[in-house]
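What follows is a set of notes on a single structure, which appears directly below.
The values are calculated or read from the model by the stated rules, or taken from the named source; none is laboratory data. Please read all numbers here as calculations on a predicted model, not as lab measurements. Using ideal geometry, Cβ is built from the backbone for each residue, glycine included, and neighbour counts are taken over all protein chains shown. All accessible areas refer to the heavy atoms of the entire protein, side chains included, with ligands and DNA or RNA removed. Shrake-Rupley method; radii C 1.70, N 1.55, O 1.52, S 1.80 Å.
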Amino acid sequence: MTIAPGTVWLVGAGPGDPDLLTRKAEKLIRAASVVFYDALVGEGVLDLIPPHIARISVGKRSGRHSKDQGSINNLLVEAALGGERVVRLKGGDPSIFGRMAEEIDSCREQGIPVYICPGITAASAAAASIGKSLTLRGMARKLSLVTAHAKANEALSIDWSALADPEATLAVYMGKSSADMVARKLIAAGLAADTPVCLVENASLPSEQQFFTRLDLLPLTAKTALGSGPALLLIGQAMAHRDAQPAQAKLARKTRA
Ligand code: SAH
């Protein structure tokens, strides 16, 4: 796989485990002359960047923004106009809460060709880790990917009654600090207080943690159990605790038997 000079590839880095990177993403990383990456891109993925390729952190973690989005857009544009073969690595899938559209627009305004390589999103990784199906026949006919994280100085406008659907699974991104509000609003909108919830922190990484709780206890669980890693909230009947155990643990037991 080659990248034409002056081209930008927006590449999904997956949830952290380098084995969850697509083969295409790995080829693109090797074909780049410069790689810009987010804070959520896993260490193991960064290790795949050959040492002679420039790597630039444009890390953004909530509360610790090292570069604003405008500066990131400019960096990509400047690199491409300078003839670099640019890979922009983003955690998970670049099209899901990844500010991808802004980067594409900035490049296209300058006539820079931009391409996208999809990645495994956190919700898929979290569901796989806990051995649960995000959709479930007769129980979860809908999967909503939502964030309760607003732009600075912007009020949240979320239709909570639409989200409080007992036949849906809700995957809440960037929901750790808003777990309290999410639980309150969903219960107020009619979702049962005992709706199963699973929190997965650092999904796919050795440091992964899983917590099974219920909607009314979610604020407490989020506050007391979670560490400082990225965490996803999965809410809905499909997350019921019954037979819930790590997919990897099941596998290991079967192998031993
Ligand atoms: N584009 C990314 C999401 C970026 S928003 C994707 O498709 O996954 C950042 C949020 O994603 C985090 O706040 C967290 O809610 C979630 N997230 C990203 N990686 C995660 C991981 N390894 N484990 C759990 N949640 C993760």
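This model, with +1 at the C-beta of Lys and Arg and -1 at the C-beta of Asp and Glu, gives the chain a dipole about its Cα centre of some 640 debye.
Treat every Asp and Glu Cβ in the range 58-209 as -1 and every Lys and Arg Cβ as +1, leave all other atoms uncharged, and give the resulting dipole magnitude about the Cα centre to the nearest 20 debye.
Details: 17 positive and 16 negative charges, 43 e Å.
Around 200 debye, computed over the range 58-209.
Calculate, for Gln209 and Gln110, the FRET efficiency according to 1/(1 + (r/R0)^6) with r their C-beta to C-beta distance and R0 35 Å; round to the nearest 0.05. Present the calculation step by step, with values, prior to reporting the outcome.
Values: r = 43 Å, r/R0 = 1.22.
It comes to 0.25.
Given the range 122-240, report the % of alpha carbon pairs whose separation exceeds 26 Å. Mind dumping the intermediate values first?
Working: 821 of 7021 pairs.
In whole percent, the long-distance tail amounts to 12.
Distance distribution P(r), the chain, all Cα-Cα pairs, bin width 10 angstrom from 0: 7, 29, 31, 22, 10, 1 percent.
Each DSSP beta bridge with both residues in the range 122-240 is either parallel or antiparallel, and the antiparallel ones are about 70%. When all alpha-carbon pairs of the range 7-117 are counted, what percent fall beyond 25 Å? Of all Cα-Cα distances in the range 7-117, 11 percent exceed 25 Å. Carbon-plus-sulfur accessible fraction, the chain (probe radius 1.4 Å, protein heavy atoms only): 52%. Computed on protein heavy atoms with a 1.4 Å probe, the accessible areas place Asp17, Asp216, Asp105 in the order Asp105, Asp216, Asp17, largest first.
For Arg108, Arg88, Arg23, give me the order by solvent-accessible area with a 1.4 Å probe, most accessible first, ignoring ligands, DNA and RNA.
Details: Arg108 145, Arg88 0, Arg23 185 Å².
Most to least solvent-accessible, the answer reads Arg23, Arg108, Arg88.
When the chain is treated as a Gaussian network with alpha carbon springs shorter than 10 Å, the biggest mean-square fluctuation among Gly82, Gly175, Gly59 belongs to Gly82. A straight line joining the Cα centroids of the range 12-38 and the range 167-215 runs 29 Å.
Using a Förster distance of 25 Å, how high is the FRET efficiency between Ile53 and Ser228, based on the Cβ-Cβ distance and rounded to 0.05? Here the calculated transfer efficiency is 0.30. Note on the chain: helix-only mean residue ellipticity at 222 nm, from DSSP H runs of 4+ residues weighted -39500 (n - 2.57) and normalised by residue number, equals -8500 deg cm²/dmol. Springs join every pair of Cα atoms under 10 Å in this Gaussian network model of the chain, and among Glu167, Glu43, Glu109 the largest mean-square fluctuation is at Glu109.
Among the DSSP beta bridges whose two residues both lie in the chain, what percent are antiparallel, rounded to the nearest 5? All intermediate terms of the calculation are to be shown ahead of the outcome.
Values: 18 of 42 bridges.
Around 45 percent of the beta bridges assigned by DSSP in the chain are antiparallel ones.
Computed from phi, the 3J(HN,Hα) profile of the range 159-168 under the Karplus parametrisation 6.51, -1.76, 1.60 (θ = phi - 60°) reads 7, 5, 5, 5, 7, 7, 9, x, 9, 10 Hz, with x in place of Gly and Pro. Applying the Karplus relation 6.51 cos²θ - 1.76 cosθ + 1.60 with θ = phi - 60° to the range 84-96 yields 3J(HN,Hα) values of 6, 9, 9, 10, 10, 8, 10, x, x, 9, x, 8, 10 Hz, where x marks Gly and Pro.
Heavy-atom accessible surface of the chain, averaged per residue, reaches 50 Å², computed with a 1.4 Å probe. Rolled with a 1.4 Å probe across the full set of protein chains, the surface gives Tyr37 an accessible area near 40 Å². Listed by chain and number, the aspartates and glutamates placed with their C-alpha closer than 12 angstrom to that of Lys223 are Asp180; residues fewer than eight positions away on the same chain are left out. Taking a sphere under 14 Å around the Cβ of Gly175 and counting the other residues whose Cβ falls inside, with K and R at +1 and D and E at -1, yields a net charge of +2. Proximity of backbone amide H atoms, modeled 1.01 Å from N, is registered between Val11 and Arg88, Leu89, Lys90, Cys117 at under 5 Å, excluding neighbours fewer than 5 places apart on the same chain. Put simply, the amide H of Thr121, placed in the peptide plane, has neighbours under 5 Å in Asp93, leaving out anything fewer than 5 places away on its chain. Residues Ile158, Ile104, ordered by accessible area of protein heavy atoms at a 1.4 angstrom probe radius and largest first, appear as Ile158, Ile104.
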